[in-house]
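The values are calculated or read from the model by the stated rules, or taken from the named source; none is laboratory data. It should be emphasised that the depicted structure is a prediction, and the values quoted were computed from it without experimental measurement. Here the Cβ is made from the backbone with ideal geometry for all residues, glycine too, and neighbour counts use every protein chain on show.
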Amino acid sequence: MLGVCGLPNANFAMLHCSTFLEINSANGYLPMLTLSNETVGIDVFEPIPHGTSPLYQRIAALIGKTIQERNLAAGTKLPTEGQFAQHFGVSTITVRAALKELVALSVIERRQGRGTYIKRNEVTQPTLAEWSLGSVEDLILTSRLSETILLRAASKKAPKWALQLLTPITATRLFNVVILRRKGDTPILVTDAFYPPWVGEKLAHENIMANLKQSRLLIEMVEEYVGQKIMTIHQTMDAIAAPAAIAKLLEVRAGSPILMVTRIGAVASGTVMQVGRSYYRNKDFSYSVLLKRTPDRQDEPLPQQ
């Protein structure tokens with residue numbers, strides 16, 4: 001993830017951050033945990049139990065139960081996402097969602113480039129997970145961890161911001177999808193997305209709600225219908241005062257600070273396939289960026305004042 005942020009003045013509404021997301025950006029957690037040389041074998045994990053709850057939740061419960069019942073020590077390394085996926089017969093995204101639940105419970109911790117480790121072997125009730133916005137996969141993971149409610153799927157006169165992002169398209173009426181994502185009783189975000197005519201024509205004839213009920217991201221649905229894959233998403237983050245309509249959906253006071261993320265999704269050729277704005281409750285989110293030195297520029301002299 002590449003990012004740049006600016007704060008022109010103390011007014012929260014002026015906070016502005018811009019990031020560029022690519023497929024397969026690495027994510028990790030940096031815990032203060034003493035690691036051991038022990039590794040848990042994949043065979044200690046039983047098959048996924050049957051049930052009506054989402055698959056990732058059943059996997060998370062199974063892993064947590066195994067850690068607790070076998071009294072596995074803190075610092076012990078767990079199998080990789082790929083090993084879990086093959087063992088359970090599911091996708092790595094589903095495994096990642098399950099592990100994210102256990103991270104939120106402080107049962108496990110993840111170290112970038114090193115793996116997943118047990119933090120403690122007592123499993124408590126789940127809390128709201130910490131959402132990451134650092135890669136396309138993170139956005140997909142958010143959809144797996146939440147319930148989607150379709151609020152709108154129809155053509156409408158597009159707002160100025162959407163038309164500007166879709167330039168040089170001259171049409172003023174565009175296909176619009178508005179969704180609300182919740183986790184339990186808590187609203188997480190509202191997304192307002194617009195599509196160029198060549199995409200909108202395909203979406204207008206599809207059962208969007210049936211697709212979204214599969215806990216899928218909007219871009220995944222669009223990719224399937226259009227037959228092209230979104231490879232990059234440029235996202236700009238702004239702190240804004242919540243408009244009345246958005247505030248009502250997010251269950252916050254109108255005018256209170258919220259996070260607005262404007263996203264432009266493009267295919268490999270650079271053609272824009274989706275633009276949208278997502279609005280996040282400010283009380284549940286913070287923005288964190290890890291800055292690193294560029295290896296080939298570390299010895300460059302600093303500019304003179």
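Given the residues 201, 206, 224, which is the only one that is in contact with a Lys or Arg (Cβ under 9 Å, 6 or more places away or on another chain) and surrounded by fewer than 16 Cβ atoms within 10 Å (Cβ to Cβ)? That would be 224, the only listed residue that is in contact with a Lys or Arg (Cβ under 9 Å, 6 or more places away or on another chain) and surrounded by fewer than 16 Cβ atoms within 10 Å (Cβ to Cβ).
Only one of 182, 253, 263 is within 18 Å of the chain's Cα centre (by Cα), of a type outside the set (S, T, N, Q), assigned by TED's automatic domain parsing to the domain that holds residue 154 and surrounded by fewer than 17 Cβ atoms within 10 Å (Cβ to Cβ). Can you tell me which?
On the way: 253 fails: within 18 Å of the chain's Cα centre (by Cα); 263 fails: surrounded by fewer than 17 Cβ atoms within 10 Å (Cβ to Cβ).
Just one listed residue meets the conditions, 182.
Within the stretch 227-236, is even one residue closer than 21 Å to residue 282 by Cβ, under 16 Å from the mean Cα position of the chain (by Cα) and either surrounded by 13 or more Cβ atoms within 10 Å (Cβ to Cβ) or not assigned by TED's automatic domain parsing to the domain that holds residue 278 (or both)?
yes
For the stretch 146-171, filtering for residues that are among the polar types (S, T, N, Q) and under 23 Å from residue 270 (Cβ atoms) leaves 3. Identification of helices (runs of 4 or more DSSP H) wholly contained in the stretch 163-227 with 1 or more residues that are under 22 Å from residue 246 (Cα atoms) and not aromatic (Phe, Trp, Tyr) yields 208-212, 218-226.
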